[in-house]
Amino acid sequence: MGRVAIAVAAVAALLVAGGVTYAVSSGDGKKSSPTAGASGDDPKPSGSPTASGGQDAAEDLNAQRRAGEARVLFVTKNDADVPGDGAWAQGPWVVGDTVVKAMYREVTGYSVTDGAKKWTVKLDSDICMAAPQHSPDGKIVIGVLDGHSSKSDCSVLRMIDAKTGTAGWRTAVPKPKGMTALSDLVLALSGNTVTAVGTDTSFGYSVTDGRQLFGKSSSGCVPFAFAGGSRLIAAADCPTAADEVVRQEIQGIDPVTGRPAWRYALDADWKVDKVFSVAPLAFFAHKEDMAGEVVDRKVLVLTDAGRLRSQIVFGKDEFEPRCGSGTILLRGEIQGWCAGAAADGAAVYLATKGSANEVVTFDLDTGRATGRSSPGDERSITPLTAEDGTVVHHIGPSIYAGGAVSTVAPAGGERKVLLKLPKTDAEGFSEARAVFADGRLFLLVPLIRALDDTAEQKTNTMMAFGK
């Protein structure tokens, strides 16, 4: 299938018999000037030859491995002194031979093969947000607090080159006029553009040098969220004559100018929910009543020109994508790390809710169900992504064996196992976020928290499987 990179969140899957689990989970338009590095930051990579806990822990876990099962490549442990209430981790991003994690006040790159720490970039304030994607040349963009008090905002963007482990530009996102605080930013990256949205705030910046490319629209439908990847998509609020009527639209955005190349208006009182694919464009939408309660849900599929291609009405099945950054739910986060839904040029693949479930395949042009896939044996199955007419999914384990990462064609047929996962006794991966890339599965614990410093240093943070 070539290179497949999958970012996943909140797919509960048993790793170990006995219950250890992992989850495969303002605007005034003025230009702001980016600056290089800041005092307190270390723009040069620093590292150590091995990751804490890495290969020794992996060898212990591999002692339980059966023939044909994937190897545990490494397990890393926390080496940061995080605050008492813990710290959220962002990532993982896989860039070439490096897997990257961002947490608290540092961004770290590890070898994909053995977990050896390759570089660390120290920051002078807390990491609070990140774009799930990286640029084609391996750059990531994170958000950091603008200070060290309880009133500090997540309003400063930092670029890190994951290939070299160096810190690049930083720029502060302008706060809305007349407001004393700015909500946490939500970031999305497409090509060489990273977008940042917050309360009454919407901007696009160059990933290369941090220049502001565009700002919030002054009239018409105003974007409140972006989805990134191979295309840049916006969800926008539109003005209405009656306040009680909600109108939203989805837009295809030129990543250089920020202008809509096309617009698709949703029906009245329908809202954009989660965008799980940008090529083809497929997203969940829901309708609310006067009290704000969800009364209906469906999936909309649009053409490349922004016209309605099909609608998927759920019927008796229940579908719900699991998307988000792993922190609090933010209005502008319509993408984040998603699992449970995927789309390619042939079909949409949606997982039904439940621990022993199915994946239903829908035709892109008609919206009709064309097939169902079940792993059997009371296992769970979750589509992760789709590429070249083949859906890649995670199969949950049974009480007798571990799970797997596998593929199956839309029309069904024999399943191809990419990784047969072993059972392990690795602790702490109950809500891990995952990326599958180049035949390896990387699990990242999104929240590091412990009762004391000693326990904190023993906390597992990342784990990798491979052949």
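The values are calculated or read from the model by the stated rules, or taken from the named source; none is laboratory data. Just so it is clear, the model here is predicted, and its values are computed rather than measured. All Cβ positions, glycine included, derive from the backbone under ideal geometry; neighbour counts span all protein chains shown. To get the accessible areas, we keep the full protein, side chains included, count just its heavy atoms, and leave off ligands, DNA and RNA. Shrake-Rupley method; radii C 1.70, N 1.55, O 1.52, S 1.80 Å.
Key figures for this structure:
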{"read-out": "Counted residues, segment 68-100 - those being farther than 30 Å from Lys416 by Cα and out of contact with any helix residue (DSSP H, G or I) (no Cβ under 8 Å at 6 or more places or on another chain)", "value": "9"}
{"read-out": "Condition check for Arg297: within 24 Å of the chain's Cα centre (by Cα) and among the charged types (D, E, K, R)", "value": "yes"}
{"read-out": "Matching residues, segment 359-376, being closer than 17 Å to Val405 by Cα and either in contact with a Phe, Trp or Tyr (Cβ under 8 Å, 6 or more places away or on another chain) or crowded, with 17+ Cβ neighbours inside 10 Å (or both)", "value": "Val359, Ser373, Pro375"}
{"read-out": "Output for segment 363-385, where each listed residue is in a loop (DSSP other than H, G, I, E, B) and among the basic types (Lys, Arg)", "value": "Arg368, Arg379"}
{"read-out": "Failed criterion for Val82 (all others in (1) surrounded by 23 or more Cβ atoms within 10 Å (Cβ to Cβ); (2) among the aliphatic types (A, V, I, L, M); (3) touching a Lys or Arg at 6+ places or on another chain (Cβ under 9 Å) hold)", "value": "(1)"}
{"read-out": "Yes/no for Gly109 being open to solvent by less than 10 Å² (accessible area, probe 1.4 Å) and touching a Phe, Trp or Tyr at 6+ places or on another chain (Cβ under 6 Å)", "value": "yes"}
{"read-out": "Residues that are modelled with pLDDT of 75 or more and assigned to a loop (DSSP other than H, G, I, E, B), drawn from segment 416-431", "value": "Leu421, Pro422, Lys423, Thr424, Ala426, Glu427, Gly428, Phe429"}
{"read-out": "Residues of segment 121-144 that turn out to be farther than 19 Å from Phe226 by Cβ and crowded, with 21+ Cβ neighbours inside 10 Å, as a count", "value": "4"}
{"read-out": "Test: residue in segment 175-186 that is at pLDDT below 95 and part of a strand (DSSP E or B)", "value": "yes"}
{"read-out": "Whichever residue in segment 199-215 is assigned to a strand (DSSP E or B) and not small (Gly, Ala, Ser) and, among such residues, is surrounded by the most Cβ atoms within 10 Å (Cβ to Cβ)", "value": "Tyr205"}
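A quick yes/no check of all residues on (1) modelled with pLDDT of 95 or more; (2) in contact with a Phe, Trp or Tyr (Cβ under 9 Å, 6 or more places away or on another chain); (3) not in a strand (DSSP E or B):
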{"position": "Val299", "(1), (2), (3)": "yes, yes, no"}
{"position": "Gln311", "(1), (2), (3)": "yes, no, no"}
{"position": "Gly315", "(1), (2), (3)": "no, no, yes"}
{"position": "Ile328", "(1), (2), (3)": "no, no, yes"}
{"position": "Arg331", "(1), (2), (3)": "no, yes, yes"}
{"position": "Ile334", "(1), (2), (3)": "no, yes, yes"}
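One line per residue, one yes/no per condition, for (1) out of contact with any strand residue (DSSP E or B) (no Cβ under 9 Å at 6 or more places or on another chain); (2) open to solvent by 30 Å² or more (accessible area, probe 1.4 Å); (3) basic (Lys, Arg):
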site: Ala225; (1), (2), (3): no, no, no
site: Arg231; (1), (2), (3): no, yes, yes
site: Ala234; (1), (2), (3): no, no, no
site: Pro239; (1), (2), (3): no, yes, no
site: Val246; (1), (2), (3): no, yes, no
site: Gln251; (1), (2), (3): no, no, no
site: Trp262; (1), (2), (3): no, yes, no
site: Val295; (1), (2), (3): no, yes, no
site: Thr303; (1), (2), (3): no, yes, no
